[in-house]
Amino acid sequence: MSTGQTAEGTTVVVTGAGGGIGAALARRFAAQGARVVVNDLDADKARRTAEEIGAIAVPGDASTVVGAARDALGGTIDVYCANAGLGSGGSESAPEDVWAAAWDVNVMAHVRAARELLPDWLERGRGRFVSTVSAAGLLTMIGAAPYSVTKHGALAFAEWLSLTYRHRGIQVHAICPQGVRTDMLADTGTAGDLVLKPTAIEPDEVADALFAAMAEDRFLVLPHPEVADYYTARAATPDRWLTSMNHLQQKWEASAG
């Protein structure tokens with residue numbers, strides 16, 4: 001696998017690939033000639049996606065899939081897409097188990113995968129880690145404290161991987177879309193209706209953005225290009241940005257009332 005390319009026979013694992021963004025990524029890698037493992041907690045969904053694209057289904061918990069996926073692919077993983085995620089809503093008052101699950105799936109599953117992948121990648125001098133983060137990891141999302149906080153954690157871990165290992169051949173990409181027409185978007189309720197649905201895109205457009213970033217060896221993948229302007233404003237004028245977001249929060253509260 002040359003830099004920025006997905007060569008024929010590249011071995012790829014996509015977690016949370018039973019539908020939505022994960023299925024779109026798996027489909028695109030398979031179309032490029034990669035050998036793909038489709039992982040999902042829902043075994044039936046994993047098998048359906050795998051059958052559709054000629055891939056291998058390895059259902060189960062994304063936190064522990066690396067070993068089984070590596071065996072299914074004949075001993076090596078070239079690209080790992082940490083896509084499985086929980087869109088946990090709620091405030092600081094969300095139950096402890098909601099917070100814990102969000103940390104486990106949205107952050108620690110990425111950490112656990114990296115622990116398993118990096119020894120081989122560093123020995124070979126190459127490997128690609130793709131983290132599906134969300135624009136919430138760059139910005140935030142009203143009505144979803146566990147999701148927003150843990151997606152910030154996912155972005156921080158992806159950044160850390162990139163700055164620590166890029167000189168040793170490890171390429172890292174963080175995908176940060178806003179609304180994408182998936183089941184997760186449907187579950188965001190009135191907050192998603194207000195913030196995400198008006199500019200929502202299809203999962204295949206996320207795959208397009210990732211492959212463009214891979215071709216350019218670019219860390220940040222922004223399927224909604226306007227997120228770059230929001231991110232810049234957040235960094236340059238944080239109080240103005242927070243005030244703007246608070247106005248959005250008030251608008252949401254008024255519509256919900």
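The values are calculated or read from the model by the stated rules, or taken from the named source; none is laboratory data. These figures come from a predicted structure and were not determined experimentally. Cβ: placed from backbone, ideal geometry, glycine included. Neighbour counts: every protein chain shown.
Cβ-Cβ under 6 Å, sequence separation 6+ or interchain: first residue in region 160-172 and closer than 18 Å to PHE211 by Cα, partner of a type in the set (Val, Ile, Thr) and not in a helix (DSSP H, G or I). Which pairs?
Pairs found: SER162/VAL172.
Would you pick out the residues in region 122-145 that are touching a residue at least 60 places away in the same chain (Cβ under 8 Å), closer than 21 Å to ARG234 by Cβ and either in a helix (DSSP H, G or I) or basic (Lys, Arg) (or both)? Full working, then the answer.
Taking region 122-145 and keeping what is touching a residue at least 60 places away in the same chain (Cβ under 8 Å), we get 126, 128, 130, 132, 135, 138-140, 142-143.
When the remaining residues are screened for being closer than 21 Å to ARG234 by Cβ, the result is 132, 135, 138-140, 142-143.
Listed by number, the list holds a single entry, ALA135.
Give region 147-191 a look and list any residue that's within 19 Å of ALA17 (Cα to Cα) and part of a helix (DSSP H, G or I), or say none.
Within region 147-191, LYS151, ALA154, ASP183, MET184, LEU185, ALA186 qualify.
Do you know which residues across region 89-125 are over 27 Å from ALA191 (Cα atoms) and β-branched (Val, Ile, Thr)?
Matches in region 89-125: VAL111 only.
Okay, residues lined up against (1) closer than 25 Å to ALA215 by Cβ; (2) among the basic types (Lys, Arg); (3) surrounded by 24 or more Cβ atoms within 10 Å (Cβ to Cβ):
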| residue | (1), (2), (3) |
| --- | --- |
| GLY18 | no, no, yes |
| ILE21 | yes, no, yes |
| ALA26 | yes, no, yes |
| VAL37 | yes, no, yes |
| ALA68 | no, no, no |
| ASP71 | no, no, no |
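Being over 29 Å from GLU253 (Cβ atoms) and either among the aliphatic types (A, V, I, L, M) or more than 18 Å from the chain's Cα centre (by Cα) (or both) is the filter here, so list the residues in region 90-114 that pass it.
So the first thing to find is which residues in region 90-114 are over 29 Å from GLU253 (Cβ atoms), and the list is 104, 108-114.
MET108, ALA109, VAL111, ALA113, ALA114 - these are the residues of region 90-114 that are over 29 Å from GLU253 (Cβ atoms) and either among the aliphatic types (A, V, I, L, M) or more than 18 Å from the chain's Cα centre (by Cα) (or both).
Would you mind finding the one in GLU116, GLU8, GLU51 that is assigned to a loop (DSSP other than H, G, I, E, B) and of a type in the set (Asp, Glu)?
Working: GLU116 fails: assigned to a loop (DSSP other than H, G, I, E, B); GLU51 fails: assigned to a loop (DSSP other than H, G, I, E, B).
Sole residue among the options that is assigned to a loop (DSSP other than H, G, I, E, B) and of a type in the set (Asp, Glu): GLU8.
Looking at CYS81 and the list (1) surrounded by fewer than 21 Cβ atoms within 10 Å (Cβ to Cβ); (2) not in a loop (DSSP other than H, G, I, E, B), which single condition is not satisfied?
The number of the failed condition is (1).
Restricting to region 222-257, give me the number of residues that are free of Cβ contacts under 8 Å to residues at least 12 places away in the same chain, aliphatic (A, V, I, L, M) and out of contact with any Leu (no Cβ under 8 Å at 6 or more places or on another chain).
5
Hey, can you tell me all the residues within region 178-191 that are under 20 Å from SER131 (Cα atoms), modelled with pLDDT of 75 or more and aliphatic (A, V, I, L, M)? First the steps, then the outcome.
At the first step, the residues of region 178-191 found to be under 20 Å from SER131 (Cα atoms) are 178-185.
Applying the additional criterion that residues be modelled with pLDDT of 75 or more yields 178-184.
Passing the criteria: VAL180, MET184.
Search region 192-240 for residues being modelled with pLDDT under 95 and not in a helix (DSSP H, G or I), and hand back the single one that is farthest from ARG27 (Cα to Cα).
LEU196
Being of a type outside the set (Ser, Thr, Tyr), in contact with a Leu (Cβ under 7 Å, 6 or more places away or on another chain) and surrounded by fewer than 17 Cβ atoms within 10 Å (Cβ to Cβ) narrows it down to one of ALA101, ALA31, so name that one. Even if it seems obvious, please write down each step before you answer.
On the way: ALA31 fails: in contact with a Leu (Cβ under 7 Å, 6 or more places away or on another chain).
Being of a type outside the set (Ser, Thr, Tyr), in contact with a Leu (Cβ under 7 Å, 6 or more places away or on another chain) and surrounded by fewer than 17 Cβ atoms within 10 Å (Cβ to Cβ) holds for just one of ALA101, ALA31, which is ALA101.
Do we find that ALA46 is crowded, with 24+ Cβ neighbours inside 10 Å, over 25 Å from TRP121 (Cα atoms), in contact with a Phe, Trp or Tyr (Cβ under 7 Å, 6 or more places away or on another chain) and touching a residue at least 24 places away in the same chain (Cβ under 8 Å) in this structure?
Values: crowded, with 24+ Cβ neighbours inside 10 Å: yes; over 25 Å from TRP121 (Cα atoms): yes; in contact with a Phe, Trp or Tyr (Cβ under 7 Å, 6 or more places away or on another chain): no; touching a residue at least 24 places away in the same chain (Cβ under 8 Å): yes.
In short, no.
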